[in-house]
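Bear in mind these aren't lab numbers, they're just calculated from the coordinates by the rules spelled out. For clarity, every value in this text was computed on a predicted model and none was experimentally measured. In this analysis, Cβ positions are derived from the backbone assuming ideal geometry, glycine residues included, and neighbour counts consider all displayed protein chains.
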């Protein structure tokens, strides 16, 4: 019954005209939008309409939320869903947006932690995704990532890739896949690339992927997602098998989009 009401509400949302001012926001703040085909833009519009309406948006650090902020973030998050079967990030209820880099409050030491040094001091962050909790984003970084679609850095892609990863209950770098064969393929390819990145990072060698992806498997998937969408040519050149498994997972082909765009120049 609940699903019936949700589907009915979503249908009503997507049947409403997409606001022209929202299209202008996309043109100005989401560079990747220009790479989409007309039918992909229509699909993205519908995703944005539902996403903006259903999520609980909170401005923090005295940030006043606007349609520009909501639509810019929603577009980037929903871009990851364009080819996926999905339920609009069912594990995301709230999105908390700060104006800029934020330092989270220090975690309290538990009853069993006797050493005063056992709790690490909080570090400044640009974003964070919590399993079963909200997504935290900094607006300046989210806007910067949206406007530059080719530098391999995108905060919104990164944090929402974590939420896709967490859909099966674990932040382990492996999102829900279709079958055992796809899991086997994924583990083989991603494990090889993750270990290669870790080795390069340990030895101080640069890689086509940011070294932050060597922290753990979850960060590897998030970093790889950023590069998959933003620098697909580089991934195809340096890790074609990684590009292939991400293409099969996301059911999108950013390399073809980029090639189509370059041929128009």
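Some points to look at:
- Projecting label points 7 angstrom from Cα along Cα→Cβ for residue 248 and residue 216 puts them 2.7 nm apart.
- The reciprocal of the average 1/r between distinct C-alpha atoms defines the Kirkwood hydrodynamic radius, which for region 173-265 equals 13.6 Å.
- Inter-part distance where region 186-214 and region 8-71 are each reduced to a Cα centre, Å: 34
- Sequence of 44, 36 once ranked by neighbouring C-beta atoms within 10 Å, starting from the fewest: 36, 44
- Going from the residue with the fewest nearby Cβ atoms within 10 Å to the one with the most, 25, 125, 73, 48 rank 125, 25, 48, 73.
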